[in-house]
Amino acid sequence: MKTYSALAFISPILATVVRLPHQPANSHGSYLNRTHPVNLEPRDDITVLCGAPPDYPDSDYPAFDYSYPIGLLLSGRDLKLHVDAGPKKCKQAACNEGGGAGVFLCNDQSNAIDILYTDIGFFAQRVFEKCKHRQDGSDYIQEGQAFNPDNWNVILTDVGSICTASSLPGFP
């Protein structure tokens, strides 16, 4: 399972490398284009803060610890995660069995939201890229938060010892 998810994490990057020229990214609906390879170019409307949010545990995990949670999200196809009305309503989106490094989806809207797992994964990748740093010869990821202009955000941080999102709904 972890090997499959690691491949799912790397697949969008490989798809970008082999993308045929002049294939536009889907600008409607989700952030990921399901009919063409993923467009990984930076977006001006995504703000990423490293070391945030301050009310979550301070965490610094080896980069590899995030490969399963982010890969799991990116393999979510058309599945969506529901989060009740906010503000500041958060739910575990993906994590390693047994806890540790994981991803939360937070809703700051006054109504409930349903966000594609792949979109959550896309935002998690932005945090992963921006908050990565070298420590003792290895890559580590500092906790961080990526904000969507539609008033929801994704947090990479320590989920504690209880992981409630080590698989996607309907999958073992």
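Every number here is computed from the coordinates shown, using simple stated rules; none is lab data. Note that the coordinates shown come from a computational prediction; the quantities given were computed from them, not determined experimentally.
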Would you mind computing the Rg to Rh ratio of region 64-162 from its alpha-carbon coordinates, Kirkwood style for Rh?
0.97
Debye equation applied to the C-alpha atoms of region 108-172, log10 I(q)/I(0) at 0.15, 0.16, 0.26 Å⁻¹
-0.62, -0.69, -1.22
Relative to the present Cα-Cα distance, how much length would full extension add between Arg77 and Gln135 at 0.36 nm per residue of separation?
17.5 nm
Extended-chain gain in nm, criterion 0.36 nm per residue less alpha-carbon gap, Ala85 and Phe64
4.3 nm
